[in-house]
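Below is one structure, written out as structure tokens; comments come after it.
The values are calculated or read from the model by the stated rules, or taken from the named source; none is laboratory data. Predicted model only: the values in this text are computed from it and were never measured. When we count neighbours, we look across all protein chains shown, and the Cβ atoms used for this are built from the backbone with ideal geometry, even at glycine.
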Amino acid sequence: MNAYNKPLPYLDPESRPFWEGAKAHKLLLVQCRSCKTHRFPPTTFCAKCSSGDYDWVEAKGTGKIFSWIVVRHPVPKEVYAAEVPYIVALVALDEGVRMTSNIIDCKPEDVTADMRVSVTFRDVTPEITLPAFKPVKG
Amino acid sequence: MAWALKDKYAIAGIGWTDFSKNSGRTVRSLASEACLKAVADAGLKVSDIDGFVSFNFNDSVPAMAVATEIGVPQAMYAVDFLSGGNAANLITLTATAAIEAGLAKNVLCYRAMNGRSGFRLGGGRDMAAHGITQWTAPFGWITYPQAMAMWCRRHMIEYGTTAEQLGEIAVQFRKNAGLNERAMQRAPITMDDYMNSRMIVEPFRMLDICLETDGACAVLITSKDRAKDMKQKPVYITGGAYGGGPNQGEDWFDAVRWPDHSHNYAKYIAKDLWESSGLTPKDIDVAQIYDCFTYSILMQLEGLGFCKEGEGGSFIEGGRIALDGELPLNTAGGLLSEGYIHGLNHVIEATQQLRGQAGARQIKDAEVCLTTAGAMTCGSAMILRN
Ligand SMILES: [Zn+2]
């Protein structure tokens, strides 16, 4: 088993709660305390009402596929050669925000627009866990 | 609020270097060569130049470096945008604003890059996922082809756009490049070649993706009155716009919050662009549209009103965009086949078409040419006339 060599998030003051949540296998979003709008990626101020007061709340972890790509040509080659083909999607969460993630447990040719998906977690290093999504059965 | 300098400024000089895969030169040297050629093309001397506007992606040199190398006595106005291809027409519009404000008289606008042998824009970004990149790169979403493929998929989902329609763009632009001595890829391709080209990131094949180029382009902007006394037939800037929509993102890759990936910046600048010129899409004789990918053509044709939203795919079918078609596009071969000087090469080609200097690919009686720059959430455009 080689050491994990893919890009890893660098935790900053705005993102740290998300990644700590992921490590605990929870999908967290920022929610404006004033107008209750969810937002992702996390930012300090609400683009709807300008409030700087917010809470981290747990998302339901479900949504649908807004768009997706199938990466066939690995870039950088040495990092992704063993991964291709892999699926990257923009997932529209039920809370009304989009999130980039991978679709797993699904063949590339079986992905469809608006397909329902639910979150799962991949512990890629001792420190970092990445959310991924898989098709909702049935 | 539209750009309000219709026909007051002109392109008076153009210059470019060889477009290659390995220039073996510094980026500054390339920039200086293109700038010196633009000065000579206009029939000016270096001492007539007092302004610069350029853009770069941390892959080029600032204007002061070029001014120093070519010996400009006093650069009174020098601006470097940190930007993507969206700025390729913003730099020229900025030059008009600077001259109008009295900050300079004769302004060189350039883009120079070792886009193949040096920093490769299409080859991926920093693997350290800081800032906004932490929400994309850890999932293996890293390169611009991967970014734009995600947009293209939306157009296919919403409107049924097909690979064959994208292929028609690639095949036509390659045909145009065959008539252009500057072009890096001149060998004709067929639809079969397109369909059989390697799948890079679905839905994009190799031939949906633009070239990577070492080279530089420069254009010289001056006032209408001064341009009339210079060596070349002036090409007037008759319309212009820059901008984008809501949620343009935190950098040039990020578009996770963008409203609708079937439409790009073009939809949001269309009103200003046409109002600034008093023209409509019907007045455009020839267009040079930013084609970092085949798909970006469709969003710009739709966004600027050449056809209805969702109909870009059928619009380009049947030879409409060919050299002898109703709307000839990317007559030099575009970023897909001529080369990728981040969109400024489109301004060179537009100028040549409007001067009647485009040789075998000349569009007969071309009087009005559209140029655009940018593919995603923000961008710029000009309408040029002779
Ligand atoms: Zn709010």
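On the given criteria, is A:Ala24 modelled with pLDDT under 95, under 18 Å from A:Leu130 (Cα atoms) and away from chain B (no Cβ under 13 Å)? Answer is no for this residue.
Assessment of region B:122-145 against the conditions (among the polar types (S, T, N, Q), within 19 Å of the chain's Cα centre (by Cα) and assigned to a helix (DSSP H, G or I)) yields no matching residue. Listed by first and then second residue, the pairs linking a residue in region B:210-222 that is under 17 Å from B:Thr294 (Cβ atoms) to a residue that is hydrophobic (A, V, I, L, M, F, W, C) and crowded, with 24+ Cβ neighbours inside 10 Å, with Cβ atoms under 6 Å apart and 6 or more places separating them unless they lie on different chains, are B:Cys210/B:Cys292; B:Cys210/B:Leu335; B:Cys210/B:Leu336. Across region A:25-41, the qualifying residues are those that are in contact with a Phe, Trp or Tyr (Cβ under 6 Å, 6 or more places away or on another chain) and either free of Cβ contacts under 8 Å to residues at least 12 places away in the same chain or part of a loop (DSSP other than H, G, I, E, B) (or both), and the one among them that is farthest from the ligand (Cβ to nearest atom) is A:His25.
For region A:15-24, a residue qualifies if it is surrounded by 14 or more Cβ atoms within 10 Å (Cβ to Cβ) and either part of a loop (DSSP other than H, G, I, E, B) or touching a Cys at 6+ places or on another chain (Cβ under 6 Å) (or both), and exactly one does: A:Ser15. Of the strands (runs of 3 or more DSSP E) lying entirely inside region A:47-100, those containing at least 1 residues that are touching a Lys or Arg at 6+ places or on another chain (Cβ under 6 Å), away from the ligand (no atom under 16 Å from the Cβ) and among the hydroxyl-bearing types (Ser, Thr, Tyr) are A:62-71. Can you name every residue in region B:184-208 that is charged (D, E, K, R) and either within 14 Å of chain A (Cβ to nearest Cβ) or in contact with a Ser or Thr (Cβ under 9 Å, 6 or more places away or on another chain) (or both)? Answer for region B:184-208, where residues must be charged (D, E, K, R) and either within 14 Å of chain A (Cβ to nearest Cβ) or in contact with a Ser or Thr (Cβ under 9 Å, 6 or more places away or on another chain) (or both): B:Arg186, B:Arg198, B:Glu202, B:Arg205, B:Asp208.
Of all the criteria given as (1) within 18 Å of A:Leu130 (Cα to Cα); (2) free of Cβ contacts under 8 Å to residues at least 40 places away in the same chain; (3) more than 12 Å from chain B (Cβ to nearest Cβ), the one not satisfied by A:Gly61 is (2). Listed by position, the helices (runs of 4 or more DSSP H) inside region B:1-103 whose residues that are out of contact with any helix residue (DSSP H, G or I) (no Cβ under 8 Å at 6 or more places or on another chain) and in contact (Cβ under 8 Å) with a residue 24 or more places away in the chain number at least 2 are B:27-42, B:90-100. Comparison of B:Glu181, B:Glu168 shows that the only residue that is more than 7 Å from every other protein chain (Cβ to nearest Cβ) and surrounded by fewer than 21 Cβ atoms within 10 Å (Cβ to Cβ) is B:Glu181. Filter region B:135-165 for residues that are at the interface with another protein chain (Cβ under 7 Å from one of its Cβ atoms) and closer than 17 Å to A:Glu83 by Cβ and give the result. Scanning region B:135-165 gives B:Thr136, B:Ala137, B:Pro138, B:Phe139, B:Gly140, B:Trp141, B:Ile142, B:Thr143, B:Gln146, B:Ala149.
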